[in-house]
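For reference, the structure discussed in these notes is given below.
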Amino acid sequence: MSAPLLALHGVQKRFGGLAVTDDVSLDIAPAEIHAVIGPNGAGKTTLINEISGVLKVDAGRILFGGQDITALSMPRRARLGLARSFQITSVVNAFSALENTALAVQARSGSSFRFLRPAATERALNEAAMSALEQVGLAARAETPAGAMSHGEKRQLELAIALATEPRLLLLDEPLAGAGPEETERLIGILRGLKSRYTIVLVEHDMQAVFALADRISVLVYGRVIATGTPDAIRANPEVRAAYLGEDEGAEAMPC
Amino acid sequence: MLPAVRAEAPAILLLAALAAAPFLGFGEGYMLTLLARAMILAMAAVSLSLLVGGAGLVSMGHAAMMGFGAYAVVILDDMGVTDAAIVLPTAIAAAGAFALATGAIAIRTSGVHFIMITLAFGQMAFFTASSLAGYGGDDGYTLYSRSDVLGLRLLDDRLAFHFICVGALALTWLLGRLLLASRFGRVLRAAKGNPLRAQALGFDPFPYRLTAYVIAGAMGGAAGFLFANATEFVAPAYISWQRSGELLFMVILGGVAGLHGALIGALGFVLLEEWLSHQWEHWRILFGVLLILAVLFLPNGLSGIPAQLARVARR
Ligand SMILES: Nc1ncnc2c1ncn2[C@@H]1O[C@H](COP(=O)(O)OP(=O)(O)O)[C@@H](O)[C@H]1O
Ligand SMILES: [Mg+2]
């Protein structure tokens, strides 16, 4: 494996007495889709929060492109090329889909300390934003206020925003959560299109999607990574099967 | 670009009406004095609206920005400096510097804490002004003369002063509009609507908010310069927390959805206050009741009434 783009070394996080991230070490290789799966409450969102900088880790180190980012703020990490989507949609509701996405383009296109020219008239920003919206199939909804969009559309927008930043690493926290069957199809199609162009950490409950998309999978249970490997290796892993069989819905969710 | 023009129409119409007012029967001294006061307070309200509506920074100390501008006029007047080319930039710089120093601390807080800390800084400015014995202390200071413009006694001419106020108000509004629509304003608005999203995209809200605070403070300083010249008198009362509260009230009364709300709110507030005070000696009670009703029944302020009516009509 080439040098990892993202490396976690012994990352720990406790909430009160509860270890939510328990000595997690992970390497994410360039251009791989690395899925993180696990039952509800396993600490998947917490892990994404630690990588993106929403949460400070209690112990351990996070390296991104060889640089120690453990102490950096979320905006600093974002500027290094770490983009994320949120499990619970987090867009600017007062902005149109286009302005939400153009803001993301703006983040990587020079200084935002520009005071007089209306940003909405900057063609370069709008064109890049439109192409991100097209990628997720929202071009026709560009002028719609995000707050007025359906849940599924917001999931698509969330992805368009992340793509528009042209990230080096994409952290996706359940991008399919709450999307209808048709939107799920479309989103999986989009993610497949990103494969090998982007490095992606994918947290997802939809096992069909995970096994179809992931190059490698890590299984998180009670804050611990109990297994990491290819989809085939994970499917065959007895420990993983035991952890999932202990869970009601997990048994069916795990495709065999 | 048609919808954009429509969005700006209320402010442009209002500014045009103010410019035309002297020729529409509002040309006597009393009326011009009142309009000047309303327009200058509207300038301060528009700059405050930039913070409240644009950045989500609800300041309860904005009168201090006007105070710095006004006291710059006083202190320079005392030194014999009355040229607007020196006095105005000084007023703007003094208010901007105060905004920078206090904003750097206040903007680290949010919500109620931000309100309280801006109130506290405003009170500090108020007590400082009260203790300036050389400039009249509590009693205030009467200007020797209005500032002159490149040697001309331009501000002494009532009509000229009126148009200067219209122009200053229009400029403040226009600058605010441009700021909010710019890249900078987009980040500011995003950080207000969803700070987590802004940060996840790489924008640390702090420098954007602080810059907005300084710009709004500088605009408040310019309003203070005009206010001192309008009344030819400056007192600590100009910086009182009541004045800050009034400015905030004008902003909320007008509505924060656009800067024109503050324009409407300030003009409505000052004119209503003046009119009521001539109707009844206990007018303040009525004024208070009207303001409460406005807040209760106009969630988007006076500027939101057309949209509100349209919504009712559709039902
Ligand atoms: N801010 C917090 N404070 C306290 N406990 C938290 C916090 N965030 C998450 N938790 C707890 O941490 C555990 C893991 O949560 P989370 O990371 O959201 O799990 P997942 O995304 O895998 O479903 C849960 O038990 C949750 O209740
Ligand atoms: Mg989660």
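Derivation of every value follows stated rules applied to the coordinates shown; laboratory data play no part. Worth saying up front: this structure is predicted, and the values here are computed from it rather than measured. All Cβ positions, even for glycine, are placed from backbone atoms using ideal geometry, and neighbour counts span all protein chains on display.
Note on A:S96, B:S244, B:S59: ascending count of other Cβ atoms within 10 Å places them as A:S96, B:S244, B:S59, the fewest first. Put simply, chain B fits an ellipsoid with semi-axes of 29, 25, 19 Å; these come from the alpha carbon gyration tensor as the roots of five times its eigenvalues, largest first. Here the translational diffusion coefficient of region A:146-191 follows from Stokes-Einstein with Rh set to the Kirkwood radius across Cα pairs; for 4 °C and 1.567 mPa s it amounts to 118 µm²/s.
Over the protein assembly as shown, the reciprocal of the mean inverse Cα-Cα separation, the Kirkwood hydrodynamic radius, stands at 26.6 Å. If the Kirkwood radius is taken over C-alpha pairs of region A:117-252, then at 37 °C and 0.692 mPa s the Stokes-Einstein diffusion coefficient equals 196 µm²/s.
Cα-based values for region B:1-118, radius of gyration first and Dmax second, are 17.8, 51 Å. Close amide H contacts of B:D83 (hydrogens built in the peptide plane, cut-off under 5 Å, sequence separation of 5 or more or a different chain): B:D148.
Its residue count N fixes a reference of 2.2 N^0.38 Å for chain A, and the Cα radius of gyration divided by that reference is 1.02.
Helical content alone sets the calculated 222 nm signal of the protein assembly as shown at -18000 deg cm²/dmol, taking -39,500 (n - 2.57) per DSSP H segment of four or more residues and averaging over every residue.
Axis angle, to the nearest 10 degrees, between helix A:181-194 and the longest C-alpha principal axis of chain A: 90 degrees. This ranking places B:Y213, B:Y135 by how few other beta-carbon atoms lie within 10 Å of each, fewest first, which gives B:Y135, B:Y213. Every Cα-Cα pair in region A:86-167 was counted, and those over 15 Å apart are 50% of them. Across peptide A:107-120, the average count of Cβ atoms from other chains found within 10 Å of a residue's Cβ is 6. Measuring nothing but how far apart in sequence close Cα pairs (under 8 Å, 6+ apart) lie, relative to its length, chain B scores a relative contact order of 31 percent. Residue by residue along B:171-178, Cβ atoms of other protein chains within 10 Å of the local Cβ number 1 on average. Listed by number, the DSSP H helices of chain B that run 30 Å or longer by alpha-carbon position along their axis and have mean Kyte hydropathy of at least 0.5 are B:84-106, B:158-181, B:205-231. Among B:E273, B:E246, a tally of other beta-carbon atoms within 10 Å of each Cβ gives an order, fewest to most, of B:E273, B:E246.
Taking the C-alpha atoms only, the angle from helix A:123-135 to the longest principal axis of chain A is near 40 degrees. The phi-based Karplus calculation (6.51 cos²θ - 1.76 cosθ + 1.60; θ = phi - 60°) puts the 3J(HN,Hα) values of region A:74-80 at 4, x, 5, 5, 4, 5, 7 Hz, whole numbers, x for Gly and Pro. 3J(HN,Hα) along region A:21-35, derived from phi through the Karplus expression 6.51 cos²θ - 1.76 cosθ + 1.60 where θ = phi - 60°, amounts to 10, 10, 6, 8, 10, 8, 10, 10, 7, x, 6, 9, 9, 10, 8 Hz, with x in place of Gly and Pro.
A cut-off under 9 angstrom between Cβ atoms defines the neighbours of A:Q156, and their net charge, with Lys, Arg +1 and Asp, Glu -1, is +1. Computed from Cα atoms, the angle from the helix A:151-164 axis to the main principal axis of chain A rounds to 80 degrees.
Among rounded, prolate and oblate, which fits region A:67-128 when a ≥ b ≥ c are the square roots of the eigenvalues of its C-alpha gyration tensor, a/c under 1.5 means rounded, and a/b larger than b/c means prolate? Oblate, since a/c reaches 1.5 and b/c is not below a/b.
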